[in-house]
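Step one of this worksheet: look at the structure below.
The values are calculated or read from the model by the stated rules, or taken from the named source; none is laboratory data. Treat the numbers as computed from the prediction; the structure is a model and nothing was measured. Note: ideal-geometry Cβ built from the backbone for every residue, glycine included; neighbour counts use all protein chains shown. Heads up: the accessible areas ignore ligands, DNA and RNA and are worked out on the full protein's heavy atoms, side chains in. Shrake-Rupley method; radii C 1.70, N 1.55, O 1.52, S 1.80 Å.
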Amino acid sequence: MNTKFLPVTKEEMEARGIWQPDFVYICGDAYVDHPSFGAAIITRLLESRGYSVGMIAQPDWRKKESIAVFGEPRLGFLVSAGNMDSMVNHYTVAKKHRKQDAYSPGGKMGLRPDRAVTVYSNLIRQTYKHTPIILGGIEASLRRLAHYDYWSDGMKRSVLMDAGADLISYGMGERSILEIAEALDKGFPVSSITFIPGTVYKTKEMPKGELLPSYEQLCENKKAYADSFRIQYENTDAFSGKVLIEDYGNRGYVVQNPPAKPLSQKEMDEVYALPYARTYHPMYEKQGKIPAIEEIKFSITSNRGCFGGCNFCALTFHQGRIVQTRSHASIIEEAKSYMTEKDFKGYIHDVGGPTADFRHPACKKQERKGVCTNRQCLFPKPCKNLDTDHKDYLELLRKLRNISGVKKVFIRSGIRFDYVNADTSSAFLDELAKYHVSGQLRVAPEHVSDEVLYYMGKPEHAVYQQFFKKFEKANARSGKKQYVVPYLMSSHPGCTITEAVKLAEYVRDMGFMPEQVQDFYPTPSTMSTCMYYTGIDPRTGKKVYVPKTFKEKAMQRALLQYKNPENYELVKEALLLAGRKDLIGFDKKCLIRPRGAGKKEQRRNKPVEKKKKSIRNVHKRKG
């Protein structure tokens, strides 16, 4: 029996002297017992409180017996799609099937169903009619109320309704799952568990709280959804959030309790000190291992929560805006444990979280009263109360660098360049350039158009330019030649074809072509997705332009990789549509050349052609 992991068979459970587990956890990911996986945190936390848990990873949803491995649990089933929404895991933004699943053995695709939480839950309910089912993880968390579903291009009900489950534990879930377990253990019927923060339940009787537009209204009126989303967004804080109620007619009500309170540093330390095996279950060794472990095995989570407020990100709805951190001692202890791993080569791949350099709440007020309801910490300008001091993070990085056996500490989870700009000291940027960058620093300006950036919830382009210059100076002081590589996004709400061409011109002027371009993906429960569906900015109620057709999205994406011959026709069509025929030609400012130009035209432009070829060779030599 493998005692490093939770039981995965009934025989392993019984070998521990347990004939009926308290909980059975069903997950869409392969079984990886590492704190970067939500399933590992929740199961280990329950185990630490004396509850027994059986793990069923990636059951065959076509067979009822696949979820009956341990029989009926004493307290309930816990169901999660895994670390990703199953639809995002399966499909590209163009709604084409992905070829690989990093969370499955050997990267094999097809080991979980579409809408995994719903499918697993219904499968359980077919066999166990009255056993409590609690949904968790990011798929359930971001679908906890009625939401726009990109893949069916329409509104969907709360996943609680479609899954036939009893409760949703939303957000990170540590507090709510322990309270749910305690209530069930004391004999509370699951239908009476309506009082726990961080949960969603259904009821026939309308409780006290704020009534959102009904599901029927949401389906009939896009403005109703924009209004509903705004109210939800304003109630994502644990200190000020209200009870929200959605009416489903004769099916009753779905009720969202306010979010659970953030974890204290002591509680964070306890969570990350649980006895994780820190790798995948050995049963996957012959199946090609689990690809997702490679990047995170020697990466350290130092914080959670994000006050960055990007509109295309779901962190506000899932982890919240209040930053929570682990202590230096907890993080250093984890780093030292790497020395016993035979495959550790001395490189810590990351020390961060949603945003690496957020190591404390945005301001002192957040610790007592929560975040501001209608104001962002960094957007459109940094708040005057924002604490931009990087000293704690710097001290942590210095301690990690000084551990014997550590060769390099990288920062890969990303920094907020506007937050770095706001710091009056250059110490962090200097040490970042000197010690923590491997040739390229990846940051996310996303766009160059201030209008598009406004809809993204990102700072003006001038702020990124300011950071770029500061980083170049820091590089010069460090004596290193390193580069900033920007993440760019196409097709975001507010981005017309004119703005897309403007971004392509910026790419041209950068002198290199981005290898990866993110086409905006309308995933559940983000501000940008609400804009995409409704054509309304929920913050203001005003209309916003949305590039929706696959053709326009393809053109915008192609513009960012205009040198790719496969994109030629799309780029040409986009330029003509934007009235930018001046960018088709032989001038150095042109994005593409006309095809089929006559010999006379080619001779006239021969010197330019030679010059361009020379430039390409220079870039090639530079690598």
Euclidean distance between Cα centres, segment 333-402 to segment 162-186, Å: 29
Return one whole number: the accessible area per residue of segment 170-251 in Å², for a 1.4 Å probe. 48
Once a ≥ b ≥ c are taken as the square roots of the eigenvalues of the Cα gyration tensor of segment 23-96, is the result rounded (a/c under 1.5), prolate (a/b larger than b/c) or oblate (a/b not larger than b/c)? oblate
Mean residue ellipticity (222 nm) of the chain, computed from DSSP H runs ≥ 4 via -39,500 (n - 2.57), nearest 500: -10000 deg cm²/dmol
Carbon + sulfur, % of accessible area of segment 179-315 - ligands and nucleic acids excluded, 1.4 Å: 52
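Report the trypsin sites (Lys or Arg not before Pro) located in segment 279-363 that are in a DSSP loop and have at most 11 other Cβ atoms inside 10 Å of their Cβ, or state none.
Details: sites: 286, 289, 297, 304, 321, 326, 336, 342, 345, 359; in loops: 289, 297, 321, 326, 342, 345, 359.
When the trypsin sites (Lys or Arg not before Pro) of segment 279-363 are filtered for loop state and at most 11 Cβ neighbours within 10 Å, 342, 345 remain.
Show me the trypsin sites (Lys or Arg not before Pro) within segment 114-219 that DSSP assigns to loop and that have at most 10 other Cβ atoms within 10 Å of their Cβ. If you can, show how the numbers build up before the last one.
Details: sites: 115, 125, 129, 143, 144, 156, 157, 175, 186, 202, 204, 208; in loops: 115, 129, 143, 144, 157, 186, 204, 208.
Of the trypsin sites (Lys or Arg not before Pro), the ones in loops of segment 114-219 whose Cβ has at most 10 other Cβ atoms within 10 Å are 129, 186, 204, 208.
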Calculated percent of Cα pairs over 42 Å apart (choose from (1) 36; (2) 27; (3) 49), label: (2)
Convert each backbone phi in segment 491-496 into a coupling constant with the Karplus relation 6.51 cos²θ - 1.76 cosθ + 1.60 (shift: θ = phi - 60°), then list the ³J(HN,Hα) values in order as whole Hz, x for Gly and Pro. 6, 6, x, x, 8, 7
Based on the Cβ-Cβ distance from residue 98 to residue 550, what FRET efficiency comes out when R0 is 22 Å, to the nearest 0.05? 0.85
For 99-107, 565-573, ranked highest to lowest by mean beta-carbon neighbours within 10 Å, the order is 99-107, 565-573
Counting only DSSP loop positions in segment 173-240, the GluC sites (Glu not before Pro) whose Cβ has at most 11 other Cβ atoms within 10 Å are 205
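Once you charge only the Cβ atoms, +1 for Lys and Arg and -1 for Asp and Glu, what is the size of the charge dipole of the chain about its Cα centre, to the nearest 20 debye? Before the final figure, lay out each step's value.
Values: 99 positive and 71 negative charges, 687 e Å.
Computed about the Cα centre, the dipole is about 3300 debye.
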Once Lys and Arg get +1 and Asp and Glu get -1 on their Cβ, which of 158, 494, 280 lies farthest toward the positive end of the dipole of the chain? 494
Among 448, 422, 354, which residue has its Cα positioned farthest towards the positive end of the charge dipole of segment 327-477, with +1 placed on the Cβ of Lys and Arg, -1 on the Cβ of Asp and Glu, and the dipole taken about the Cα centre? 422
Considering the chain, which cysteines have no disulfide-compatible partner, defined as another cysteine with its Cβ under 4.7 Å away? 27, 219, 306, 363, 372, 377, 383, 495, 530, 590
How many angstrom lie between the Cα centre of segment 484-529 and the Cα centre of segment 565-597? 19
Within-15-Å neighbourhood charge of residue 28 [Cβ basis; K, R +1; D, E -1]: 0
Roughly how many Å is it from the Cα centre of segment 1-51 to that of segment 431-481, as a whole number? 43
Vicinal HN-Hα couplings computed from phi for segment 14-28 (Karplus, 6.51 cos²θ - 1.76 cosθ + 1.60; Hz; Gly/Pro x): 5, 5, 8, x, 10, 9, 9, x, 5, 9, 10, 9, 10, 10, x
Counting only C-alpha contacts under 8 Å and six or more residues apart, can you give the relative contact order of the chain as a whole percent? 10
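Summarise the accessible area of segment 354-464 (1.4 Å probe, protein heavy atoms) by the percent that is carbon and sulfur.
Values: 2310 of 4890 Å².
Accessible surface attributable to carbon and sulfur in segment 354-464 totals 47 percent.
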For segment 360-507, what are the per-bin percents of Cα-Cα distances with bins 5 Å wide, up to the bin holding the maximum? 2, 8, 16, 18, 18, 16, 12, 7, 3, 1, 0
Cα→Cβ-extended label distance, 7 Å offset, between residue 438 and residue 401, nm: 1.7
List the residues whose amide H sits under 5 Å from the amide H of residue 91, counting only those 5 or more places along or on another chain, with H placed 1.01 Å from N in the peptide plane. 98
Got a sec to turn the phi values of segment 304-318 into Karplus ³J(HN,Hα) couplings, 6.51 cos²θ - 1.76 cosθ + 1.60 with θ = phi - 60°, whole Hz, x for Gly and Pro? 8, x, 8, 9, x, x, 5, 5, 8, 10, 9, 4, 4, 7, 9
Can you list residues from other chains, or at least 5 along the same chain, whose modelled amide H is less than 5 Å from the amide H of residue 518? 488, 490
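Please sort 20-31, 258-269 by packing, taking for each peptide the average over its residues of neighbouring beta carbons within 10 angstrom, highest first.
On the way: 20-31: 25.6, 258-269: 18.0.
Listed from highest to lowest mean packing, they are 20-31, 258-269.
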With r defined as the distance between the Cβ atoms of residue 564 and residue 182 and R0 fixed at 56 Å, what FRET efficiency is calculated, to the nearest 0.05? 0.50
